Amino acid sequence: MVEDEPLVHKALADFKSSSADFADGLIGVKNRYAGCHHTLTFDRAAANLSSFSSLD
């Protein structure tokens, strides 16, 4: 059993198609599901995911 399995699958797809870490993808997907439009980050790889915005 996996908590929030559909979100984990989406994060895994983001991880496989980018240079971002899986954990970053999961954080972004879970935040988006919770109603956040973007999660701010200094991580350049994570900033390329649709759920993140760069603080640079």
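The numbers here are math on the coordinates, done by the rules we state, and not lab data. This is a predicted model, so every value here is computed, not measured. Methodologically, a virtual Cβ is constructed for each residue, glycine included, from the backbone with ideal geometry; neighbour enumeration extends over all protein chains shown.
Annotations
- If you take the alpha carbon atoms of the chain and fit the smallest convex hull around them, that volume is 63 Å³ per residue.
- Taking each DSSP H run with n ≥ 4 as -39500 (n - 2.57) and averaging over every residue of the chain yields -14500 deg cm²/dmol at 222 nm.
- Size of electric dipole in the chain: Cβ of Lys, Arg +1 and of Asp, Glu -1, about Cα centre, debye, nearest 20: 140
- Dividing the mean sequence gap of close Cα pairs (under 8 Å, 6+ apart) by how many residues the chain holds gives a relative contact order of 28 percent.
- Long-range amide H partners of residue 39 with built H, under 5 Å: 52, 53
- Sequence of 38, 9 once ranked by neighbouring C-beta atoms within 10 Å, starting from the fewest: 9, 38
- Nearest-ten-degree value, helix 22-33 long axis tilted from longest Cα axis of the chain: 80
- Scalar couplings 3J(HN,Hα) for the range 34-41, obtained by applying the Karplus form with A = 6.51, B = -1.76, C = 1.60 to θ = phi - 60°, are 7, x, 6, 6, 8, 9, 7, 8 Hz; x denotes Gly and Pro.
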